[in-house]
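Okay, structure first, notes after.
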Amino acid sequence: MSEQALYTALGIALFWLGLYRAVTVTSMLIKVVAYNIAGAGTFMVLIATAYSPTEPADPVPHAIVLTGIVVSLAATALAVLLALRCQREDNGGGRHNND
Amino acid sequence: MIPTGAIRKKTAHLKNRVIAAGFTGFCLFSIIVALSTQPIHPARDLVYSMLNQSGVENPVTAVLLNFRGVDTLLELVAIYVVLVTVSALSFNRLDSIRCVHSDTVLRGLTNIVAPVTFVIAIYLLYNGTRLPGGAFQAGALLAALLGLIAFSGHHHLAQERVLSRIGMVSGLVVFSLTGLSVYSDAQSFLTYPPVYATSLILTIEIVATVSIALTLGRYISALPQSQVSL
């Protein structure tokens, strides 16, 4: 089995593993991290696809991954902030009711 | 009689197992499909044959900022749209970050790390035309530095509201204006003439680095500093 096949298989496994955790877990932070792991799996598959044993690597998937990393960071920041806002609203409401 | 909580727990457990079995099946199926097909590279030869006209030596930078410049422009739009939402949801104001965990160790570490990170970011940016590196790597590194500086209680130039906002939109504005300025005599949007390509790409990269660093740094400094338990 070549290195390329190994990395492709591991990337796909990582994607489904992250997706499974994201679907089943209830904690928001773990959900966000799980989606990030799924995204990392996708990037790994793309990078493995770019490799070729005889010719130089394909730059197009590399550029896509570079773009994807920044966009996934933006999406993560948004998701974490939304999750924190939800939690803060819940806690704040509960505390006010108790007082 | 079995309590309903136990039944619900058991059903949830069973549901998770069914999902896990389904996902394992999908996973094996996609691995088999992926490994039985050979990846094709339809655009690689095109990129390498046009590389000498792109103005840069690194093929990834050529794809990002010349051949598929529209994608990078749209990416800057995407992080800017997220920035607007993040600013609305932010826990800290940009110009007055209340520093909860300000301690001597963090401050000392920041004092040592900041200049080194700055130099490495400049090196990465400068490298982008020849070797792996460029605006995104340098921008991400500087953004991490901005987050560290903000949470260590130091004040820096990027916390000036007007300056920071100008920096954040500058990448988008300069990129669009460059694209429009070459939008003449039967050239399409963002098609640089090969003579000016290197200087245009370098200008865009420098401005995009500032823009990405400030925007991503704002994402980090928007997070609360205490009582985080999700």
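The values are calculated or read from the model by the stated rules, or taken from the named source; none is laboratory data. Just so it is clear, the structure is predicted and the values come from calculations on it, not from any experiment. Note that we place each Cβ from the backbone using ideal geometry, even for glycine, and neighbour counts take in every protein chain shown. Keep in mind that these areas ignore ligands, DNA and RNA; they rest on the heavy atoms of the full protein, side chains included. Shrake-Rupley method; radii C 1.70, N 1.55, O 1.52, S 1.80 Å.
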Consider only pairs whose beta carbons are under 6 Å apart and that are at least six residues apart or on different chains; among these, list those whose first residue lies in the range B:102-116 and is part of a loop (DSSP other than H, G, I, E, B) and whose second residue is open to solvent by less than 50 Å² (accessible area, probe 1.4 Å). B:Ser102/B:Gly153
B:Val173 vs. criteria among the hydrophobic types (A, V, I, L, M, F, W, C), open to solvent by 40 Å² or more (accessible area, probe 1.4 Å), assigned by TED's automatic domain parsing to the domain that holds B:Asn52 and modelled with pLDDT under 90: no
Residue, nearest to B:Pro42 (Cα to Cα), within the range A:21-35, restricted to residues that are part of a helix (DSSP H, G or I) and open to solvent by 60 Å² or more (accessible area, probe 1.4 Å): A:Tyr35
Look through the range A:83-98, keep the residues that are under 30 Å from B:Ala140 (Cα atoms) and more than 7 Å from chain B (Cβ to nearest Cβ), and return whichever of them is modelled with the lowest pLDDT. A:Arg88
Residues that are of a type in the set (A, V, I, L, M, F, W, C) and either touching a residue at least 40 places away in the same chain (Cβ under 8 Å) or under 22 Å from A:Tyr7 (Cβ atoms) (or both), drawn from the range B:15-45: B:Phe23, B:Phe26, B:Cys27, B:Leu28, B:Phe29, B:Ile31, B:Ile32, B:Val33, B:Ala34, B:Leu35, B:Ile40, B:Ala43
Give the residue, chosen from B:Ala62, B:Ala43, B:Ala34, B:Ala6, that is hydrophobic (A, V, I, L, M, F, W, C) and closer than 21 Å to A:Ala9 by Cβ. B:Ala34
Give me a count of the residues in the range B:59-83 that are polar (S, T, N, Q) and open to solvent by less than 10 Å² (accessible area, probe 1.4 Å). 2
State the number of residues belonging to the range B:199-228 that are open to solvent by 40 Å² or more (accessible area, probe 1.4 Å) and under 18 Å from B:Val77 (Cβ atoms). 1
Condition broken by A:Phe15, with the remaining ones in (1) in contact with a Leu (Cβ under 9 Å, 6 or more places away or on another chain); (2) surrounded by 20 or more Cβ atoms within 10 Å (Cβ to Cβ) satisfied: (1)
Only one of these conditions is not met by A:Thr49: (1) under 24 Å from B:Leu65 (Cα atoms); (2) open to solvent by 40 Å² or more (accessible area, probe 1.4 Å); (3) not in a helix (DSSP H, G or I). Which number is it? (3)
Taking the conditions exactly as written (within 13 Å of another protein chain (Cβ to nearest Cβ), within 17 Å of the chain's Cα centre (by Cα) and over 21 Å from B:Leu223 (Cα atoms)), does B:Ala135 satisfy them or not? yes
